[in-house]
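The values are calculated or read from the model by the stated rules, or taken from the named source; none is laboratory data. Here the structure is a predicted model, which means the values were calculated and not measured. Neighbour counts run over all protein chains shown; Cβ positions are idealised from the backbone, glycine included.
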Amino acid sequence: MSFTPSVRLLWAVALLFVPACALPALAHRGGVYAALTGCAIVLAALADLLLSRRSLEGFRLQFPPDIRAVLNEPQTFALALHAFAAHRPGARSLRLAAALPPAIESISTDIVLSVPASASGISAQMSFSSSQRGEYSISQAFLGADSLLRLWHLRKSLPVHSRVLVQPSLASIFSETAKLLASHRHGGHRIVARNGRGREFEQLREYVPSDDFGDIDWKATARRRAPVVREYQIERTQDIYACVDFSRLSARAITRRKHAPSTILDEYIRSTLMLHSAVRHAGDRFGLVTFSDRVHHFAKASNANAFDPVFRQALYPLRPRLVAPAFDHLSAALRARAKRRALFVLFTSLAEPQLAEAFLSCSRLLARQHLLLVACPADESTQPLFSDSTVDAGPVQSVNDLYGKLAGHLLWKKLAEVRSRLAVSGIRMHIVPPGRLGLDAAAEYLDIKERQLL
């Protein structure tokens, strides 16, 4: 337990002891009176501290084991204070505060509670907000009270065990995805891909005159000395992977609605959740890959309804790393771990020429086996000159605006060239504002599924 002097004690020293220090110069034996005054103040303070030293004992604080909060929104949770010993004299009311991580800000500095009776408890509400995603832990809280004469502020630390998960607003993400699905040409109907022959091998059977010569398995035919064909099963579920790049370019700051601070990585995560919602509605299998200078996490495609623990462990705690993305490691890992043909949606930026060249050289071999979709974020200034969007942005006001529009046009031209080179290998690339990455990726996924391109 720690203690600090209160304002009352400081005022007592200022009003009693400080004037008494002038008595030796004004009265006979004034030094004795000054010493007596000082001793009286010290004895009163010591007596008050001794009588109140055990006033914070016998309390136990209980926090919820798991607290879920929404990014940039206030969150309130309930806590309980239990008294398991007889009440000690001195404390009339209690103050409660929690040792929150730096990423979490408390809305109120402390909470004032009444002292619970012996063998009973009292509940309270605490509010906080956070501007960073992630999983945090609260391991310590502080209980404070005033001494019997209110000359001291007493404080004691209590151990608590609670975990705080700060995640994006899933309600708004699901709402936007629902609007996208409703506006799709199939509306609320479930889209199921049904290829006529399928791609997954099922069994061998004897040849019949109506079979295609391309389905003949010549090795099995040579062994059996009779024509044998391969039979494939119709694909009902498809594998969709979201690949999140959290290298150095993902740390670029942007401003979303309500002027909330955000980064490109936050938009990648929000877009991944939106794509997951669309995949779950369509009934396909969803997988997750996170990478920077290496592949950090690979979750194999499975039922999209049971993916919340994966997001909590692999996606929410992500922070941008100041390294270059290793597309060669990513391509090798995807080719080695994903045996079944799948759609890979890569949330990454190819705004720098060296990154675009690295991705071009590494993705060609991967595109022969899988279908690739690149969702590349671009600023509002990344637009061609003399387009409708540049006209709507208003006339040029200064030389800086002119150079800014020229720089945006040059960046758009480079990204358009990269998109054309990727299209030769069958890789789709979309250049959209950061706020529309998820909507664009989900819409493209639905179109791919409807056209049975996977």
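Miscellaneous remarks
- Every pair of residues 6+ apart whose Cβ atoms lie under 9 Å, when the first sits in region 164-188 and is under 23 Å from residue 75 (Cα atoms) and small (Gly, Ala, Ser) while the second is surrounded by fewer than 16 Cβ atoms within 10 Å (Cβ to Cβ) and at pLDDT 80 or above: 169/73
- Verdict on residue 299 being more than 16 Å from residue 439 (Cβ to Cβ), free of Cβ contacts under 8 Å to residues at least 24 places away in the same chain, surrounded by fewer than 24 Cβ atoms within 10 Å (Cβ to Cβ) and not assigned by TED's automatic domain parsing to the domain that holds residue 70: yes
- Residue 59 farther than 30 Å from residue 133 by Cα and under 39 Å from the mean Cα position of the chain (by Cα): yes
- Residue satisfying all of: in region 107-122; in a strand (DSSP E or B) and either of a type in the set (A, V, I, L, M) or at pLDDT 85 or above (or both); nearest to the chain's Cα centre (by Cα) among these: 111
- Highlighted here are the strands (runs of 3 or more DSSP E) found entirely within region 165-255 that include at least 1 residues which are modelled with pLDDT of 90 or more, of a type in the set (Ser, Thr, Tyr) and within 25 Å of residue 269 (Cα to Cα): 239-245.
- Selected residue (criterion: surrounded by the most Cβ atoms within 10 Å (Cβ to Cβ)) from residues of region 342-375 that are among the aliphatic types (A, V, I, L, M) and assigned to a helix (DSSP H, G or I): 356
- Residues that are in a strand (DSSP E or B) and under 20 Å from the mean Cα position of the chain (by Cα), drawn from region 123-159: 127, 128, 129, 130, 134, 135, 136, 137, 138
Residue-by-condition table, conditions (1) closer than 30 Å to residue 163 by Cβ; (2) surrounded by 15 or more Cβ atoms within 10 Å (Cβ to Cβ):
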residue: 3; (1), (2): no, yes
residue: 36; (1), (2): no, no
residue: 59; (1), (2): yes, yes
residue: 62; (1), (2): yes, yes
residue: 66; (1), (2): yes, no
residue: 71; (1), (2): yes, yes
residue: 76; (1), (2): yes, no
residue: 96; (1), (2): yes, yes
